[in-house]
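Structure record follows, encoded as structure tokens.
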Amino acid sequence: DLSASEEPGFVKRGRRKQQFGAILRILMAIGSVILSIGLVAQGVYVFRSQIATQLPQVKPVLAQACLVIGCSLDVAAQIDAVSIESSELQTRTAGNGLFTFTTLLRNHGATAQAWPSIELTLNDANEKPMARRVFTPREYLPANQDLAQGFGPVSEQPVKLFFALSQLKPSGYRVYLFYP
């Protein structure tokens, strides 16, 4: 048997390399676990509103976490779940520039959605934009409507807006929904 002092150098180097490799593997495993936890935490942070909507039982935990880290827990905002079912722009009385815009919004989603903003673009005869106006939910919803509750799942909301235009005679319009 060879004693430790009589071991050849390549054996000593191999043993040290093996020990260093084992330590490195342990550190990489610990680092991977920490990074995985960070990735899950980041995913929960980014998708907190959708998670709270899909899993209402975890909403109190997410709300408490948001208090600690200073974020807010909002209603989900998935524009694909919300659509315009119909819209109409009418002159209220001829020649005075007063208009009525009516539309019907629909939430096709299975969960509540944030109220979208409505963009109304008035066009000339060549379909070129003449004027653009964005209506926020506070402008088109009834005053007693709680915006925090969101647009209920599988529901509709009629909207009727009145506005005046001076010196503009639109011949068409476009309506878009978006989340700012």
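The values are calculated or read from the model by the stated rules, or taken from the named source; none is laboratory data. Being a predicted model, the structure only gives us computed values, none of them experimental. We place every Cβ from the backbone using ideal geometry, glycine too, and count neighbours over all the protein chains shown. For accessibility, only protein heavy atoms count, side chains too; no ligands or nucleic acids. Shrake-Rupley method; radii C 1.70, N 1.55, O 1.52, S 1.80 Å.
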| note | Selection over region 37-61 where residues are in contact with a Ser or Thr (Cβ under 7 Å, 6 or more places away or on another chain) and open to solvent by 100 Å² or more (accessible area, probe 1.4 Å) yields a count of 1
| field | So residue 59, is it among the basic types (Lys, Arg) and over 30 Å from residue 140 (Cβ atoms) | value | no
| Within region 107-134, can you find the residues that are among the hydroxyl-bearing types (Ser, Thr, Tyr) and either within 16 Å of residue 179 (Cα to Cα) or touching a helix residue (DSSP H, G or I) at 6+ places or on another chain (Cβ under 8 Å) (or both)? | 111, 117
